[in-house]
Structures are given as C-alpha cells and as structure tokens.
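Undergrad: Handing you a structure now.
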Amino acid sequence: MGTYRDQGIVLRTYKLGETDRIVHLLTQGRGKVRAVAKGVRRPGSRFGGRLEPYSHVDLQLYEGRNLDIVNQAELLAPHAAIRADYATSAAAAVMTELTDAVAQEGERDNALFLLLRAGLQALDAGPGDPAVFVDAFLLRAASVVGFHVFTDACAVCRTPGRHVFLSVKAGGALCADCAPPGTRAVDTRVIDAVATFSRGGEWSALPGLAREAPAARATAASYARAFAEHHLDRRFKAYDAVPRP
C-alpha cells in the first residue's frame, strides 16, 4: 500500500462521522474508487469544496485496506454551473448514478471515464434541454459496458437495413422476419433518433434532434430508458427527476 495520483470525477458523496466524507470517484486509471476525505466538513477545510458531485479533480490518495484516503485534491473542472441549475443537476445525477452502478472497483475503464467527462462538459455549457443528453448517455454507457443497440442492421439476424420494428429485449431494430407477431412498427424518425442517441461523439447533434423531431425524440427517449434499465438490470431512480419539455 502507498500513495498514488489519478484524475477522477466525483460520482457521489455521503457523510461519515462528524467531519469526514466518503467519496465515490470514477478515476481514469483505477476505475471506481471509494475514498475517505478526512475533515472536509470542518470550516476552513483545505479541499472540501473541491470534492463536490460532478467535479473533475486531480487527486493524491493513499491506498487503504477498505477505503482509500484523499490526501490532496485540485480542481480540473468544477462543473459548478451544473450544480447551480436544477435541470442540469438532475441530468448529471442520472449520469453519475448509472456510472456508479456499472463501474468496477480496481478495473480501469477509460471509455466510461471519457464518456462521463464529455457528458458533464455538455451539461456544463448550459443546454436548453438537458434531458436529451441523458437519453444519449444511457445508450452510450450501455454500449461501453457491452450492450450495443442496433439501428443499421437487424439485432437478431444482422441483416443490414433500415428496419422499423424496435425491441428492447432483442437490442434494437428488427427486420420483418425476426419481429415477433404483433410487434408494431415505429416511424423511421424514431430509429434515426435512437441511432443519434447511441452514436458516440455527436453531442452537438442532440439539441437539434430535440427541436426538429420532438415526437420521435420522446419515443426514442422512452426506448433509451427501457433499454438501459433492462440490459443493465437496474432502475435509475434519478431519471424521473429530470425535467422534460
């Protein structure tokens, strides 16, 4: 055991004793880390304000048996604007709740770290509709951990094409041959919206989708939630608190 440095994003915190705080972090090098920040709730603490939820920090920690100990914390991106606004804070809460659920302690997952960082950066810019970033994050995070949604090929037989049957359980669009009897087709704009949500890196396209195809976006959003909760086997409590147009 010894000290180490790493970058991390604060997922959540909770009180320990009278002056300490336990912090859940997604670090770039070690995956999820649970650590104690001692004395951070005392007035005048050196770095208590730097370990708020959604903050991106550079850390020095001491490796403990059960919980690591935070020795130093320097802000890289405070994301204070997210915490100051209800809608963006609620959206960020879904992102960090999902990340905390799927990240593994001691297992580096750089793709998940970069995804969360990008999602928080998008929210920090003060978008008019933070919920659309949540919908995209659900599908992109599910893909990072192995559950990819198919939109340009049948999720069952992999036949390429723009199929219009959509299944949560099967994992995306289905061709007419693979769709179970009674499955209703959806508008192709819904498939396009799901594809935009799941396509990594295209955060800038999301606000336009929300404005130009609101009905398709709403259906795709419901699908994104159902897909993530089904395949990750978890209900995201923070989701219902996110304001929607």
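Computed from the coordinates by the stated procedures, all read-outs in this text should not be read as laboratory data. Values in this document were obtained by computation on a predicted structure and should not be read as measured data. As a convention, Cβ positions derive from the backbone with ideal geometry for all residues, glycine included, and neighbour counts pool all protein chains shown.
Undergrad: Just give me the residues in segment 123-146 being over 12 Å from residue 98 (Cβ atoms) and either in a loop (DSSP other than H, G, I, E, B) or among the basic types (Lys, Arg) (or both), in sequence order.
TA: If the condition is that a residue be over 12 Å from residue 98 (Cβ atoms) and either in a loop (DSSP other than H, G, I, E, B) or among the basic types (Lys, Arg) (or both), then 125, 126, 127, 128, 129, 130, 146 are the ones that fit.
Undergrad: Hey, any hits in segment 31-47 for a residue that's in a loop (DSSP other than H, G, I, E, B), touching a helix residue (DSSP H, G or I) at 6+ places or on another chain (Cβ under 8 Å), surrounded by 17 or more Cβ atoms within 10 Å (Cβ to Cβ) and not β-branched (Val, Ile, Thr)?
TA: Checked segment 31-47: no residue is in a loop (DSSP other than H, G, I, E, B), touching a helix residue (DSSP H, G or I) at 6+ places or on another chain (Cβ under 8 Å), surrounded by 17 or more Cβ atoms within 10 Å (Cβ to Cβ) and not β-branched (Val, Ile, Thr).
Undergrad: Here is a follow-up. Name the single residue, out of those in segment 76-127 being among the polar types (S, T, N, Q) and surrounded by 14 or more Cβ atoms within 10 Å (Cβ to Cβ), that is nearest to residue 200 (Cα to Cα).
TA: Step one: list which residues in segment 76-127 are among the polar types (S, T, N, Q), which gives 88-89, 96, 99, 104, 110, 121.
From the residues that got through so far, the ones that are surrounded by 14 or more Cβ atoms within 10 Å (Cβ to Cβ) too are 88-89, 96, 99, 121.
Details: 88: 20, 89: 22, 96: 18, 99: 16, 121: 14 Å.
The residue in question is 121.
Undergrad: Continuing with the same structure: Return the pairs, sorted by first residue and then second, in which the second residue is surrounded by 14 or more Cβ atoms within 10 Å (Cβ to Cβ) and not in a loop (DSSP other than H, G, I, E, B), the first residue lies in segment 57-83 and is among the aromatic types (Phe, Trp, Tyr), the beta carbons are less than 7 Å apart, and the residues are 6+ apart or on different chains.
TA: Pairs found: 62/68; 62/69; 62/71.
Undergrad: A further question follows. Could you look through segment 48-67, keep only residues that are outside any helix (DSSP H, G or I) and charged (D, E, K, R), and pick out the one that is nearest to residue 123 (Cα to Cα)?
TA: This residue is 52.
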